[in-house]
Amino acid sequence: GKTRTLIRRAAALLEKGVPPEAIAAVTFTNRAAREMRERLGKEPAFRKAAKKLTIGTFHAICLRLLEKWDGHPPAVLDEGEALLLAEEACRETGWSGTARRLLQEVSAVKSGRATGALPPEAAESYQLKVQAAGALDYDDLLIETLRRLEADPPAGTVFPHLLVDEFQDVNPLQLRLLRAWNREGESLFVIGDPDQAIYGFRGAHPDVQSALREA
């Protein structure tokens, strides 16, 4: 139901004459992004416009922006590559936790919800290995995009009309991205259900209403 509501919101904006390039929709899965574009495209009046909307997950949109700014896509570690670097960091620092646990703790720190469970040297070792590989991990993809947006925003990076699906699952880092993408925007439309929150373990905001006020 939430994605359907988001689709109707996008359709209403297009009906009012808003250029499709001015609309962005953030979803939490690639499947939801595909569904939204496909369902809009099935309506004859929106067939061309549906191709021009920015629709995607946080990571997909950030990847698209970095590629646009730099002229080439950034090198991004997949899960297996990140795990290998985390295993090396565990061995080198003598941390007794698993590589997967190290990645979870590093992600918590980067997303704005540090737990204090990870020794600083283990996190530093992992991050140095990521940098040595000349790559970004999934959280770095968001962080690098946000850094550029907050430091010296490239032209055309503000989405006047921003739509956000599953808002109950945003974490503090993602919330900062939403603010950067919609700064001085004309509208911000979010939809969520706190009873359906599933990303608390990733640092999702525990209170949708207070998160909305922050946005």
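Tabulated results
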{"quantity": "Members of segment 73-112 that are out of contact with any helix residue (DSSP H, G or I) (no Cβ under 8 Å at 6 or more places or on another chain) and on the phi > 0 side of the Ramachandran plot", "calculated": "94"}
{"quantity": "One residue from 133, 122, 114 being more than 30 Å from residue 161 (Cα to Cα) and in contact with a Cys (Cβ under 8 Å, 6 or more places away or on another chain)", "calculated": "122"}
{"quantity": "Residue tally, condition part of a helix (DSSP H, G or I) and among the charged types (D, E, K, R), over segment 165-182", "calculated": "3"}
{"quantity": "Residue count, segment 10-27 (criterion: assigned to a helix (DSSP H, G or I) and open to solvent by 60 Å² or more (accessible area, probe 1.4 Å))", "calculated": "2"}
{"quantity": "Complete set of residues in segment 154-164 that are surrounded by fewer than 24 Cβ atoms within 10 Å (Cβ to Cβ) and not in a strand (DSSP E or B)", "calculated": "154, 155, 156, 157, 158, 160"}
{"quantity": "Residues that are among the small types (Gly, Ala, Ser) and in contact (Cβ under 8 Å) with a residue 40 or more places away in the chain, drawn from segment 69-127", "calculated": "75, 82, 86, 89, 107, 108, 111, 112"}
{"quantity": "Failed condition for residue 96, given (1) modelled with pLDDT under 95; (2) in contact with a Pro (Cβ under 9 Å, 6 or more places away or on another chain)", "calculated": "(2)"}
{"quantity": "Test: residue 47 is farther than 23 Å from residue 170 by Cβ and either among the aromatic types (Phe, Trp, Tyr) or more than 21 Å from the chain's Cα centre (by Cα) (or both)", "calculated": "yes"}
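The values are calculated or read from the model by the stated rules, or taken from the named source; none is laboratory data. Just so it is clear, the model here is predicted, and its values are computed rather than measured. Reconstructed Cβ throughout: ideal geometry from the backbone, glycine too, with neighbour counts over all protein chains shown. The area values use the complete protein model at the heavy-atom level, side chains included, leaving out ligands, DNA and RNA. Shrake-Rupley method; radii C 1.70, N 1.55, O 1.52, S 1.80 Å.
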